[in-house]
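Here's the structure, in structure tokens; my notes come after.
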2 protein chains.
Amino acid sequence: MALVNEHFLKLQNSYLFSDIAKKVNSFKITHPKDKIIRMGIGDVTQPLPPAVIEAMHKAVDELATKETFHGYGPEQGYSFLIDAILKNDYASRGVYLEPSEVFVSDGAKSDTGNIGDMLRHDNSIGVTDPVYPVYIDSNVMSGRTGILENGKWSDVVYIPCTEENNFIPSLPDRRVDIIYLCYPNNPTGTTLSKDELKKWVNYALANNAIIMYDSAYEAYIQDTDIPHSIYEIKGAKKVAIEFRSFSKTAGFTGVRCGYTVVPKELNAFTLNGETVQLNKLWNRRQSTKFNGTSYITQRGAEAIYSPEGKKQVKETINYYMTNARIMKEGLRACGLNVYGGTNAPYLWLKTPDRLSSWKFFDKLLYEVNIVGTPGVGFGPSGEGYLRLTAFGDRNDTMEAMDRLKKWLHQ
Amino acid sequence: MALVNEHFLKLQNSYLFSDIAKKVNSFKITHPKDKIIRMGIGDVTQPLPPAVIEAMHKAVDELATKETFHGYGPEQGYSFLIDAILKNDYASRGVYLEPSEVFVSDGAKSDTGNIGDMLRHDNSIGVTDPVYPVYIDSNVMSGRTGILENGKWSDVVYIPCTEENNFIPSLPDRRVDIIYLCYPNNPTGTTLSKDELKKWVNYALANNAIIMYDSAYEAYIQDTDIPHSIYEIKGAKKVAIEFRSFSKTAGFTGVRCGYTVVPKELNAFTLNGETVQLNKLWNRRQSTKFNGTSYITQRGAEAIYSPEGKKQVKETINYYMTNARIMKEGLRACGLNVYGGTNAPYLWLKTPDRLSSWKFFDKLLYEVNIVGTPGVGFGPSGEGYLRLTAFGDRNDTMEAMDRLKKWLHQ
């Protein structure tokens, strides 16, 4: 008799973004004429950079003739892309990695979800709260989280990040083997300084813990002193896996490409205390359960690092970050408290009058036809906040701010 | 202290195809002038069908403008592709599935590797022997296989498929919860009749077992009475998950697309005996740990089902199957015993003079410069066989047969 993994059954059937979609759909049915401005889900709206388009057309043509056809590629990614990553994303910031420490994939969601495959089911987990739900849900599925009580999993250490502590997570008060950090942060849009990040690296070094560092939004960093990679911190190669994505950097949400760095210095342990190089295990995982990313996609990703590609990527990021500035100024002019949005495409809005996240979501939807994401959907410490994204159209962004101003100054 | 999943450490470091690559490389260094003909690894050599190329160019262009840009798609795949699959791969054979029973992915390797996520770690596993290594290795990683002794995992039921039983697996002699079947078979190139497949469906129905049915090579079936889908067998929707791939059908090995069918009638069980719909669990797994397949890839896959696409796909398959016929006739003319190759792109060659698989591999490499895959690499019952693939160039295929004839008639 085939048995299910019962940990799956612990997950709630509903999912934040489908709950939102349902609410928006029922609003649309009852208010067919109202124009909704969507600032909820974190999908990009600007097209791919022309350099990427050109490279992908070329790659498609290569697959059209026998002489230039590409079949199975390396499961770890093509060296043309890995070399571009090493040079542009790391060496340029003084971080030196070997090609075999980089694993190209179809996106950070797959990698952050699958990374737990190579770790024991009873490692303890720590997350900053609020948090990107995939970190927790993928651990629920593999049985690392205990049971759900009052919106928290019993075996997960939640580290609150709120207005009160300026969104800077304090070190955990109980043992944590694996810590998820995402900076620039989704959903709060806040960042960590080098000194703050160093605290975490030192904690992990002292406790033989592993940091899962998601820097999917590093391209949005504007301030020069904020680290783009955790490997800018001394010792981090011994304790951290870094996840990157081209989704938000270059509009690859529908094209699917990212990469994960597993340094060779990084070890985990057997029950007997023997050290095991995680690079080898991840290589084995990817070789066994993955067959590489589309050649076309990888050629497209490579083009991001060309001189034209870099310029075009920067323009798109500037476009979104100008949206973010307009939003931040607009919301502040309304007298609202808002965080993030200066080194990240996310703004984290404190709800006025201590409204709950969902209450404020409903008001925004019904009274000004703006869709945000209720902060509580990202964890208990997100209650009383709403996430807005800067990925929208400029005109829509400005119109949204106008609507808010009128609404709040009625 | 972060602990590793020690099951990973049970896997041998070497891997069949890298062992072969090493041997071939050392031959090349010592024999730089000899022309090697590769009939080992199962990668295609013909370019993508023109209809696919055209569709992918169009899709790339769509991503170049804001109005037609596509960001995140459904994790389960776009309905344009799912509808084409339902109509052409299933309804045309009298199998009716719902769109939500099909999950588009980046390939069958990912899906066959990840499918175990939703099943308990202590389900017992059965495989036909020889077998595609991913089925076993992915179960080793999740702790379902016990220990390795004499080339077999202690908790895996191996069902021999050899010349003696005409490569038809008999039902297992001890309890098996999950059975992997791949037909047309990799590596033997043999098929199962409807009656034989029915035995397996009935076994699974009687034992509440699940059949993981890999039909990645169904497009190569020539005989009209061989089932393309397990769902052609009555009751199979209650017991089988089916994996399909565009890799061999349409040259997508480097583009990455496949799909998995998880029927809503298919249940597994909790320890308490409650039934759980696996469709829901797989949907949750994919929504949490996967973010859909490239839009460009999916548009390319859709084009396979257009009238031109179908014609072009057929031409390429005919090309490979003509290779297979030339090989089979050539090998038989040499007095060798060879199986498969009439409904599959693989030929399964019995080594002459009871040579071991590796011994014969070495002889072929050094004496006629032909690379095959040692059968023993696919499992103990593969000893004494060699896999040859029909994916090569026509001239190379003919030359290989000429070399063999001269060699064996010396």
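Around the amide H of B:Lys264, modelled in the peptide plane, lies no amide H under 5 Å away from a residue 5 or more places distant or on another chain. Computed as a quarter of the hull surface, the mean projected area of the alpha carbon convex hull for the stretch A:61-113 stands at 5.0 nm².
In plain terms, the residue of B:Ile179, B:Ile82 with the fewest other Cβ atoms within 10 Å comes first and the most crowded comes last, giving B:Ile82, B:Ile179.
Taking amide H positions as modeled 1.01 Å from N, with prolines and chain starts lacking one, the residues under 5 Å from A:Val4 and 5 or more places away or on another chain are B:Arg120, B:Phe269, B:Thr270. With a/c under 1.5 counting as rounded, go ahead and sort the stretch A:269-404 into rounded, prolate or oblate using the C-alpha gyration tensor (a ≥ b ≥ c being the square roots of the eigenvalues; past the cut-off, prolate if a/b is larger than b/c, else oblate). Oblate.
Using just its DSSP H runs of length 4 or more, each adding -39500 (n - 2.57), chain A gives a mean residue ellipticity at 222 nm of -10500 deg cm²/dmol after division by all residues. For the protein assembly as shown, the share of DSSP beta bridges that are antiparallel, to the nearest 5, is 55%. Couplings 3J(HN,Hα) of the stretch B:256-273, computed from phi: 6, 7, x, 7, 10, 9, 10, x, 6, 6, 7, 10, 10, 10, 8, 4, 7, x Hz, in residue order, whole Hz [Karplus 6.51 cos²θ - 1.76 cosθ + 1.60, θ = phi - 60°; x for Gly and Pro].
Rank these for me by crowding, B:Tyr135, B:Tyr15, going from fewest to most other beta carbons within 10 Å. Walk me through the numbers before you get to the answer.
Working: B:Tyr135 24, B:Tyr15 16.
So the ranking, lowest neighbour count to highest, is B:Tyr15, B:Tyr135.
Ranking A:Ile304, A:Leu9, A:Gly341 by how far each Cα lies toward the positive end of the dipole of chain A (charges on Cβ) leaves A:Gly341 at the top.
Using a ≥ b ≥ c from the Cα gyration tensor of the stretch B:1-90 (square roots of the eigenvalues), is it rounded, prolate or oblate, where a/c under 1.5 gives rounded and otherwise the larger of a/b and b/c decides, a/b for prolate? It is oblate, given that a/c is not under 1.5 and a/b is not larger than b/c. A Gaussian network model of chain B, with springs between Cα atoms under 10 Å, assigns the largest mean-square fluctuation among B:Tyr217, B:Tyr305, B:Tyr346 to B:Tyr305. Taking amide hydrogens as placed 1.01 Å from N in the peptide plane, the amide H of A:Ile168 sits under 5 Å from those of A:Thr162, each at least 5 positions away in sequence or on another chain.
Give me the compactness ratio for the stretch B:308-358, meaning the Cα radius of gyration over 2.2 N^0.38 Å.
Details: Rg = 13.8 Å, N = 51, 2.2 N^0.38 = 9.8 Å.
With N residues counted in the stretch B:308-358, Rg over 2.2 N^0.38 Å equals 1.41.
May I ask you to list the lysines whose Cα is less than 29 Å away from that of A:Lys311, ignoring any residue fewer than eight positions away on the same chain? Leaving aside lysines fewer than 8 places away in the same chain, those within reach of A:Lys311 are A:Lys58, A:Lys87, A:Lys109, A:Lys194, A:Lys248, A:Lys328, B:Lys58, B:Lys66. Over the protein assembly as shown, the Kirkwood radius and the radius of gyration, each from Cα atoms, give a ratio Rg/Rh of 0.98. Each label point was placed 7 Å from the Cα along the Cα-to-Cβ direction; for A:Asp353 and A:Asp173 their separation is 3.4 nm.
The HN-Hα couplings worked out from phi for the stretch A:172-179 by the Karplus form 6.51 cos²θ - 1.76 cosθ + 1.60 (θ = phi - 60°) are x, 8, 9, 4, 9, 8, 10, 10 Hz, whole numbers, x standing for Gly and Pro. Shown in residue order for the stretch B:298-305 are the 3J(HN,Hα) couplings computed by the Karplus curve 6.51 cos²θ - 1.76 cosθ + 1.60 at θ = phi - 60°: 5, 5, x, 5, 4, 5, 4, 8 Hz (x for Gly and Pro).
Charges at C-beta only: +1 for Lys and Arg, -1 for Asp and Glu. How large is the resulting dipole of the stretch B:281-410 about its Cα centre, in Debye rounded to 20? Walk me through the intermediate numbers first.
Numbers: 19 positive and 12 negative charges, 89 e Å.
Roughly 420 debye for the stretch B:281-410.
In terms of surrounding Cβ atoms within a 10 Å radius of their Cβ, B:Arg93, A:Arg284, B:Arg175 rank from fewest to most as B:Arg175, B:Arg93, A:Arg284.
In percent, rounded to a whole number, the relative contact order of chain B is 23, using alpha-carbon pairs under 8 Å and six or more apart.
Can you tell me which lysines have their Cα less than 23 Å from the Cα of A:Lys199? Leave out same-chain residues fewer than eight positions away. Straight-line reach from A:Lys199, under 23 Å: A:Lys234, A:Lys237, A:Lys238, A:Lys264. Looking at the calculated P(r) for chain A, what percent of the C-alpha pair distances fall above 32 Å? Tail of P(r) above 32 Å: 37 percent of Cα pairs. Relative to the other identical copies, B:Lys35 shows label-point distances of 6.7 nm, where the label point lies 7 Å from Cα along the Cβ direction and values run shortest first. By DSSP, the beta bridges lying fully in the stretch A:53-305 are antiparallel in about 45 percent of cases. Taking only the Cα atoms of the stretch A:87-188, the ratio Rg/Rh comes out at 1.01, with Rh defined as the Kirkwood radius. Shielding of peptide A:61-72 by partners, expressed as the average count of other chain Cβ atoms within 10 Å per residue Cβ, is 6. Per residue, the convex hull around the alpha carbon atoms of the stretch B:35-154 comes to 217 Å³. Annotation for the stretch A:170-195 versus the stretch B:1-49: alpha-carbon center distance of 40 Å.
Just check the stretch A:353-410 against the gyration tensor rule for me: Cα atoms, a ≥ b ≥ c as the square roots of the eigenvalues, rounded for a/c under 1.5, and otherwise prolate or oblate depending on whether a/b exceeds b/c.
Numbers: a/c = 2.52, a/b = 1.42, b/c = 1.77.
Note, shape of the stretch A:353-410 comes out oblate.
The stretch A:59-98 and the stretch A:264-335 have their alpha-carbon centroids 15 Å apart.
Only the coordinates and a few stated rules stand behind these numbers; no lab work does. As the structure is a computational prediction, the values presented were derived from the model and not from experiment. Counting neighbours? That spans all protein chains shown, and the Cβs are built from the backbone with ideal geometry, glycine included.
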